[in-house]
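Working notes for the structure below.
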């Protein structure tokens, strides 16, 4: 049985559907067990296709309504204006739409999945933000595009930050520290150091929360899931824990028809 997680602030809203998947309820085997939704991680693509069908059935959609960008750790955002004219989603890590019945999905296995909703202008977005996307302020770009294209006001936008690797489990090198310090300075909420080992650790969820605040969102409209993907192998895939050839879970959002 597929087990889905939801953000508290979204689940009572009638106008949208949304979800965060876990590992449960799919057909994949081995390191991909069982609800792997990535076609690029080395799993049998036929099993992945079956998993996507199972997910679509669970949320009451046709699989063709679900759109997964070809994530490459960029800060590139695409807008889907019509279900009949889907843009090329290669090298894309964020997707926005105001069309009903289009389910925007991003995949993750330690990086931060973020869902956005403007209930006034009826616009949704799904964003994948690893350290490169965070350093490239992808979530700010998504807010700017919602504002520029649809007239969204940041203070009205709601955001859900999904499961991701926690700072204690996310040790990083000098390149990452340098890139993130250029945005956050010496903010210890984002970049901390293990004094004994002399290693740097990054809190990607907190980094993206701060970027959302910088973009103009209200603190009370940003919900952060506590789950750490690395420390919950029974629930989530983790590339840092298991290597690249493991599964990916999905975060998705859509306007209901």
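Select from region 175-208 the residues that are assigned to a helix (DSSP H, G or I) and either modelled with pLDDT under 95 or within 23 Å of residue 224 (Cβ to Cβ) (or both) and list them in ascending order. Let's see the steps before the verdict.
Going through region 175-208, the residues assigned to a helix (DSSP H, G or I) turn out to be 175-184, 204-208.
Result: 176, 177, 179, 180, 181, 183, 184, 204, 205, 206, 207, 208.
Can you name the condition, by its number, that residue 208 falls short on among (1) touching a residue at least 40 places away in the same chain (Cβ under 8 Å); (2) surrounded by fewer than 15 Cβ atoms within 10 Å (Cβ to Cβ); (3) more than 29 Å from residue 25 (Cα to Cα); (4) within 19 Å of the chain's Cα centre (by Cα)?
Evaluating residue 208 over (1) touching a residue at least 40 places away in the same chain (Cβ under 8 Å); (2) surrounded by fewer than 15 Cβ atoms within 10 Å (Cβ to Cβ); (3) more than 29 Å from residue 25 (Cα to Cα); (4) within 19 Å of the chain's Cα centre (by Cα) leaves (2) as the failure.
From the set of residues in region 109-137 that are on the phi < 0 side of the Ramachandran plot and out of contact with any strand residue (DSSP E or B) (no Cβ under 8 Å at 6 or more places or on another chain), which is surrounded by the fewest Cβ atoms within 10 Å (Cβ to Cβ)? Even if it seems obvious, please write down each step before you answer.
First pass over region 109-137, keeping only residues on the phi < 0 side of the Ramachandran plot: 109, 111-121, 123-136.
Filter once more, so that each one left must be out of contact with any strand residue (DSSP E or B) (no Cβ under 8 Å at 6 or more places or on another chain): 120-121, 132, 135-136.
Values: 120: 11, 121: 16, 132: 16, 135: 21, 136: 19.
Top of the filtered list is 120.
Only one of these conditions is not met by residue 25: (1) under 27 Å from residue 141 (Cα atoms); (2) surrounded by 14 or more Cβ atoms within 10 Å (Cβ to Cβ); (3) out of contact with any strand residue (DSSP E or B) (no Cβ under 7 Å at 6 or more places or on another chain). Which number is it?
(1)
Looking at region 212-244 only, could you name the residues that are under 17 Å from the mean Cα position of the chain (by Cα), more than 18 Å from residue 107 (Cβ to Cβ) and not in a helix (DSSP H, G or I)?
If the condition is that a residue be under 17 Å from the mean Cα position of the chain (by Cα), more than 18 Å from residue 107 (Cβ to Cβ) and not in a helix (DSSP H, G or I), then 222, 223, 224, 226 are the ones that fit.
Considering only region 104-123, state which residues are in a strand (DSSP E or B) and within 13 Å of the chain's Cα centre (by Cα).
Selection gives 104, 105, 106, 107, 108, 112, 113, 114, 115, 116.
For region 34-49, enumerate the residues that are within 19 Å of residue 72 (Cα to Cα) and touching a residue at least 60 places away in the same chain (Cβ under 8 Å).
Residues satisfying the conditions are 36, 37, 38, 41, 42, 43.
For residue 198, which of the numbered conditions (1) surrounded by fewer than 19 Cβ atoms within 10 Å (Cβ to Cβ); (2) free of Cβ contacts under 8 Å to residues at least 40 places away in the same chain; (3) touching a helix residue (DSSP H, G or I) at 6+ places or on another chain (Cβ under 9 Å) fails to hold?
All conditions are met except number (3).
Would you check which residues across region 48-70 are in a loop (DSSP other than H, G, I, E, B), touching a helix residue (DSSP H, G or I) at 6+ places or on another chain (Cβ under 9 Å) and under 23 Å from residue 129 (Cα atoms) and list them? Walk me through it before giving the result.
From region 48-70, those in a loop (DSSP other than H, G, I, E, B) are 60-62, 68-69; that's our starting set.
Those still in the list that are touching a helix residue (DSSP H, G or I) at 6+ places or on another chain (Cβ under 9 Å) too: 61-62, 68.
If the condition is that a residue be in a loop (DSSP other than H, G, I, E, B), touching a helix residue (DSSP H, G or I) at 6+ places or on another chain (Cβ under 9 Å) and under 23 Å from residue 129 (Cα atoms), then 68 is the only one that fits.
Which residue pairs have Cβ atoms under 6 Å apart, sit 6 or more places apart or on different chains, and have a first residue in region 168-188 that is on the phi < 0 side of the Ramachandran plot and a second that is at pLDDT below 95?
Once the first residue is on the phi < 0 side of the Ramachandran plot and sits in region 168-188, its partners that are at pLDDT below 95 give 171/199.
Which residue is nearest to residue 253 (Cα to Cα), if the candidates are limited to region 10-47 and must be more than 21 Å from the chain's Cα centre (by Cα) and assigned to a loop (DSSP other than H, G, I, E, B)?
Applying the filter and picking the extreme gives 14.
Tell me, which residue of region 138-162 that is part of a loop (DSSP other than H, G, I, E, B) and touching a helix residue (DSSP H, G or I) at 6+ places or on another chain (Cβ under 8 Å) is surrounded by the fewest Cβ atoms within 10 Å (Cβ to Cβ)? First the steps, then the outcome.
Here is the first cut: in region 138-162, the ones part of a loop (DSSP other than H, G, I, E, B) are 151-153, 162.
So of that shortlist, the ones also touching a helix residue (DSSP H, G or I) at 6+ places or on another chain (Cβ under 8 Å) come out as 152-153.
Values: 152: 24, 153: 12.
Top of the filtered list is 153.
If residue 87 meets every condition in (1) touching a residue at least 12 places away in the same chain (Cβ under 8 Å); (2) part of a loop (DSSP other than H, G, I, E, B); (3) surrounded by fewer than 21 Cβ atoms within 10 Å (Cβ to Cβ) apart from one, which number is that one?
Exception for residue 87: condition (1).
The values are calculated or read from the model by the stated rules, or taken from the named source; none is laboratory data. Note that this is a predicted model, so its numbers are computed, not measured. Neighbour counts run over all protein chains shown; Cβ positions are idealised from the backbone, glycine included.
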